[in-house]
Every structure is written in structure tokens, then in C-alpha cells.
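Single-structure report; data block below.
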Amino acid sequence: MSALPAQTRPARRWAPTAAPRLRPAPEPGARRARPRLAYAVVALASIGAIAVVQLLLSIAMTQGAYEMDEQLLRQGELQREQQKLSDDLDRLESPQFLAANAEALGMVPNAAPVYLRLSDGAVLGDPTAAAGAAPSSTALVPNALIDGVPLVTERGAGETAKGGEGKPATPADGTPAAPPALTGGLPTPATH
């Protein structure tokens, strides 16, 4: 054994502070009846509520899918309409159509253009009147897209040049309207 003396602990004394509550053990054959019907009703009600909520969510998702499909079809129609209008605008902005409209209004091309320098008001070039030569109705580069599009002078009485603002394109006798008169010289931009 060992040469060291054994150390002993002092013994603890348990002092009961309160008497424990004692109850008799239940007999093995006597069980307390549980309410099984209440559990069954709660379980069936939960399953029914879940089924109803799932059905309502499914209906809402289906309705949303139909609305989305309808909006996508409408978006496609609007995109086709936008493309059609863009093509019409490109056709009416073409140089050939603008030249044909200018010729229909009585404008003639000037072979010797004159330029005005805005900084000092100097006239660059020799100002001569444009000759009223025979109109050249044939464009150098033909545009088949403007065939059949009415010119400004061929529009009906109800149509307007400004797109429905109520101002006629030309006076009643068919002559072009005079440009607005300039008073006080040419307008120049204000610079700093």
C-alpha cells in the first residue's frame, strides 16, 4: 500500500428541511381516459384549413398568370404599333419626302447658297435670287416607301400640318402661308 496516510472527508449530514410529498403509485391496470375525439377534430380541422388555403393560393396564382399573359399580349400589340408609327415617322422624315413637299410648296433649290455669320453679321457668298427653274420632281435616290403618301398641298381640307392643332396648312386659296416677319434682326443665342 502507500506510505501516505489516508485522508478522510468529514461526513455530511443531511438535514431534511421539508417533508417530501408522497403520493401513491398508480395501479398498473387503471389508466386515465384521454379525450381522443378532441385530438381528431383538431387534426381534421387543421388539414381542412390547410387544403382551403392551398386551394385559394392556387386560384390566385392561376388568375395572376392569366392577367400576366393578357398584359404580355397587350405589350406585344403596343410594340408592333410603336414600330409601325416609327416606320411612318422615318418615311415622312426622309430627305426625298421633304424635298417633294418643298417643291410642292413652290420652293426651288439654290445653286449658290449664301451664309450669314452670326458673330458679326457678315454675309458670306454672293446673294442672288434662286431661279424658278423647272421643278425636278425626280429624286437622285428614289424612295419607294413614300409612294402614295400625300404631299402637303394634296392634303384634305380637314387635315392640318401641325397634327390636329386646328391651324390649316395653307390658306384657303392654296397658296403657301407667308413666314413670320422678323423684327430687330436675326435672333441670336445668348452666350457668356
Q | Residues located in segment 48-94, provided they are closer than 30 Å to LEU145 by Cβ and open to solvent by 100 Å² or more (accessible area, probe 1.4 Å) | A | LEU73, ARG74, GLN79, ARG80, GLN82, GLN83, LYS84, GLU93
Q | Residue in segment 153-176 that is at pLDDT 65 or above and not in a loop (DSSP other than H, G, I, E, B) present | A | yes
(Q) Which pairs turn up if I take residues in segment 39-54 that are among the β-branched types (Val, Ile, Thr) and look for partners that are open to solvent by 90 Å² or more (accessible area, probe 1.4 Å) with beta carbon separation below 7 Å, at least 6 apart in sequence or on another chain? (A) none
Q: May I ask you to verify whether SER137 is open to solvent by 90 Å² or more (accessible area, probe 1.4 Å) and modelled with pLDDT of 65 or more?
A: no
Q) So ALA122 clears everything in (1) out of contact with any strand residue (DSSP E or B) (no Cβ under 6 Å at 6 or more places or on another chain); (2) modelled with pLDDT of 85 or more; (3) open to solvent by 60 Å² or more (accessible area, probe 1.4 Å) except one condition, right? Which one? A) (3)
Q: Write out, first by first residue and then by second, each pair whose Cβ atoms fall under 9 Å of each other, whose residues are 6+ apart or on separate chains, and whose first residue, in segment 107-133, is at negative phi while the second is of a type in the set (D, E, K, R) and assigned to a loop (DSSP other than H, G, I, E, B).
A: ALA112/ASP126; VAL114/ASP126
(Q) I need a count of the residues in segment 64-116 that are within 30 Å of ALA131 (Cβ to Cβ) and either part of a helix (DSSP H, G or I) or under 32 Å from the mean Cα position of the chain (by Cα) (or both). (A) 13
Q. What's the number of the condition VAL41 fails, among (1) modelled with pLDDT of 80 or more; (2) in a loop (DSSP other than H, G, I, E, B); (3) open to solvent by less than 90 Å² (accessible area, probe 1.4 Å)?
A. (2)
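The values are calculated or read from the model by the stated rules, or taken from the named source; none is laboratory data. Keep in mind the model is a prediction, meaning the values are calculated, not measured. No Cβ is skipped: glycine too gets one built from the backbone with ideal geometry, and neighbour counts run over all protein chains shown. Keep in mind that these areas ignore ligands, DNA and RNA; they rest on the heavy atoms of the full protein, side chains included. Shrake-Rupley method; radii C 1.70, N 1.55, O 1.52, S 1.80 Å.
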